[in-house]
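This report refers to the structure that appears directly beneath it.
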Amino acid sequence: MNVSHAPLLLKGMKIYTEQGCIKKGYLKTRDNIIVEVGSIKELINDEGYKVIELPAHYKVLPGFIDIHIHGANGADVMDATEEALQTMATSLPGEGTTSFLATTMTQSQEKIERALSNAGDFIQHKQASNHAEILGIHLEGPFVNPKKAGAQPAEYMEHPNLELLKKWQALSLETIKLVTLAPELPGALELISYLHDNDIVASIGHSDATFEEVEKAVQAGSNHVTHLFNQMRGMHHREPGVAGAAFLLESLKAEIIVDGIHVHPEMVKLAFLQKKKEGLLLITDSMRAKCLKNGHYELGGQDVVVKGEMATLVDGTLAGSILKINQAVKNFINYTNCTVDDIIHMTSINPAKQLHVYDRKGSISVGKDADLVILDSEYDVKMTICRGSIAFNRKE
């Protein structure tokens, strides 16, 4: 559903394009796409555009793409309602997210199917162009290892099942784009091969796999790792495990939750030194309590306690995050001293390429979707534009 809006002209700020940074530039949008980018000196005509003048220290980056997010602002994908997905799509531009994968979790088949059917229908028929776009579904579980359950309910976990996945893909109207699974389980390699052949990302996660088992998964077509270090076999000098394989196998792209809780800042730095800007994707893995106050919330039928910056089950197990992706950006810069170009790769380019949408998203280039985030010098979000519409505007 496209929402009509005036063409926009942004001018005066830094613009980080595919070709590099324009220090004082302008950018025009029309009909949801970027139609012109250049130096302010080259700007000739502004008639017919809504002109937005921005300070020289503001930065325009491609909109953030969060490929692992369960919920926000009281809503969760597993609620299986149009209202929940609408709440997420309208809330996420406030942190700079312009597109995302609606992420499910391990539950009964009936509950998963309700969520998949609802999300598929919403994605195909009910999206508005002035909100964050749901690019597809991230199916996290149930094909994962109970030994690495985390906040995923172990009682609903099952072995990878190709026929069930095919049924679910049909139910979702072909919108499943990424599947997290444990490659050491029976049936996993067959499923990975099918996912690869159908351009669905096969991600290794909630896994106790050895290095050798990860290698076999990569040979079968896996190219992704779900929340690096969390709920996976860690590195050991006698067995590199999933984490070691993520470091050593260049074809694996790794998600990472940079909230200072899920992964120690020095381990974030180590991951960046090893995987570099091309190998990491910043995610939030956030749950419904994001944007809300401390208190008790629900995640997959389980009680979650939110206190400060941490969300845990009653037994203390980390239960997703309440992280906003622009805060992950701030944290990553603080931990690693990385560049803006590095951030653009990890928040936009890499996820767009993994999801096969780099032809229209993930960078600032003429002809691509006008998905933009405007940040100040502190990396606070000042404005977010989703497909040419102002979806968020922080008034001073």
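The values are calculated or read from the model by the stated rules, or taken from the named source; none is laboratory data. Quantities reported herein were computed from a predicted structural model and do not represent experimental measurements. When we count neighbours, we look across all protein chains shown, and the Cβ atoms used for this are built from the backbone with ideal geometry, even at glycine. The accessibility values were calculated without ligands, DNA or RNA, using every heavy atom of the protein model including side chains. Shrake-Rupley method; radii C 1.70, N 1.55, O 1.52, S 1.80 Å.
Assigning unit charges at the beta carbon (Lys, Arg +1; Asp, Glu -1) and nothing else, what dipole magnitude in debye, to the nearest 20, does the stretch 79-130 show about its Cα centre? Before the final figure, lay out each step's value.
Numbers: 3 positive and 7 negative charges, 17 e Å.
That gives a dipole near 80 debye.
For residue 269, give me every one of the aspartates and glutamates with a C-alpha distance below 19 angstrom, ignoring sequence neighbours fewer than eight places off in its own chain.
The qualifying aspartates and glutamates are 250, 255, 259, 278, 341, 342.
Within the accessible area of the chain, what % is carbon and sulfur when the probe is 1.4 Å and the other protein chains stay in place? Mind dumping the intermediate values first?
On the way: 7380 of 15530 Å².
That fraction is 48 percent.
Which of the trypsin sites (Lys or Arg not before Pro) found in the stretch 185-274 are loop residues per DSSP with 16 or fewer other Cβ atoms within 10 Å of their Cβ?
Details: sites: 216, 233, 238, 253, 269; in loops: 233, 238.
Qualifying residues, ordered by number: 238.
If you take the square roots of the eigenvalues of the alpha-carbon gyration tensor of the stretch 319-396 and sort them as a ≥ b ≥ c, do you get rounded (a/c under 1.5), prolate (a/b over b/c) or oblate? Please report the intermediate quantities before stating the final value.
Details: a/c = 1.61, a/b = 1.16, b/c = 1.38.
Oblate, because a/c is 1.5 or more while a/b does not exceed b/c.
Could you tell me which of 55, 377, 357 has its Cα farthest along the dipole of the chain towards the positive end, charges placed at Cβ (Lys, Arg +1; Asp, Glu -1), taken about the Cα centre?
The residue sitting most towards the positive pole is 55.
With label points built 7 Å along Cα→Cβ from the Cα atoms of residue 199 and residue 309, find their separation and express it in nm.
According to this spin-label approximation, the distance is 3.9 nm.
Expressed as a whole number of Å, what is the distance separating the alpha-carbon centroids of the stretch 137-163 and the stretch 340-357?
27
Please identify, among 227, 70, 125, the residue showing maximal mean-square fluctuation in a Gaussian network model of the chain using a 10 angstrom Cα cutoff.
125
May I ask you to list the aspartates and glutamates whose Cα is less than 18 Å away from that of residue 28, ignoring any residue fewer than eight positions away on the same chain?
Of all the aspartates and glutamates, those that pass the test against residue 28 - Cα under 18 Å, at least 8 places apart if same chain - are 18, 36, 42, 46, 47, 53, 369, 371.
When the helices in the chain are scored as -39500 (n - 2.57) per DSSP H run of 4 or longer and the sum is shared across all residues, what 222 nm value do you end up with, to the nearest 500 deg cm²/dmol?
Values: 10 runs with 102 residues, N = 396.
That calculation yields -7500 deg cm²/dmol at 222 nm.
Looking at the chain, what % of its DSSP beta bridges pair antiparallel, to the nearest 5? Display every interim value, and only then the final one.
Values: 40 of 73 bridges.
Beta bridges within the chain, antiparallel portion: roughly 55 percent.
Using +1 at the C-beta of Lys and Arg and -1 at the C-beta of Asp and Glu, which of 134, 160, 27 has the Cα lying farthest in the positive direction of the dipole of the chain?
Among 134, 160, 27, the one farthest towards the positive end of the dipole of the chain is 27.
Of 50/126; 148/276; 253/395; 111/177, which ones are farther than 29 Å apart at the Cα? The partial results should precede the final answer.
Numbers: 50/126 27 Å; 148/276 26 Å; 253/395 37 Å; 111/177 19 Å.
Long pairs (Cα-Cα over 29 Å): 253/395.
Which order, highest average first, do 8-18, 331-341 follow once you tally other Cβ atoms within 10 Å for each residue and take the mean per peptide?
On the way: 8-18: 20.5, 331-341: 16.4.
The most tightly packed comes first, giving 8-18, 331-341.
Note down the magnitude of the dipole of the stretch 139-219 about its Cα centre, charges +1 on Lys and Arg C-beta and -1 on Asp and Glu C-beta and zero elsewhere, to the nearest 20 debye. Can you show the working numbers first?
Details: 6 positive and 13 negative charges, 39 e Å.
With only Lys, Arg, Asp and Glu charged at Cβ, the dipole is about 180 debye.
Ranked highest first by the average count of other Cβ atoms within 10 Å around their residues, in what order do 196-202, 19-25 fall? Working shown, then result.
Numbers: 196-202: 17.4, 19-25: 14.3.
Going from most to least packed, we get 196-202, 19-25.
Fully extended, how many nm does the chain gain between residue 40 and residue 360 (0.36 nm per residue separation, minus their Cα-Cα distance)? The partial results should precede the final answer.
Working: separation 320, 0.36 × 320 = 115.20 nm, distance 2.45 nm.
Separation in residues times 0.36 nm, less the Cα-Cα distance, equals 112.8 nm.
Pop out the ³J(HN,Hα) list for the stretch 187-202 in order, Karplus 6.51 cos²θ - 1.76 cosθ + 1.60 with θ = phi - 60°, rounded to Hz; leave Gly and Pro as x.
Here the 3J(HN,Hα) series is x, 5, 5, 4, 5, 4, 4, 5, 4, 4, 5, 10, 6, 10, 5, 9 Hz.
May I ask you to list the residues of the stretch 248-283 whose amide nitrogen lies under 11 Å from a point 7 Å from Cα along the Cα→beta-carbon direction of residue 376?
Those under the cut-off are none; the list is empty.
Per residue, what accessible area does the chain have, given a 1.4 Å probe and all protein chains present, in Å²?
Details: 15530 Å² over 396 residues.
For the chain, the solvent-accessible area averages 39 Å² per residue.
Treat each spin label as a single point 7 Å out from the Cα along the C-beta direction, and report the residue 341 to residue 278 distance in nm.
Taking the simple label geometry, residue 341 and residue 278 are separated by 1.3 nm.
Restricting things to alpha carbons, tell me how big the chain is in terms of Rg and Dmax, in Å.
According to the Cα coordinates of the chain, Rg and Dmax are 20.3, 66 Å.
Let's see if you can work this out: charge +1 on each Lys and Arg Cβ, -1 on each Asp and Glu Cβ, no other charges. What is the dipole magnitude of the chain about its Cα centre, in debye to the nearest 20?
It comes to approximately 1140 debye.
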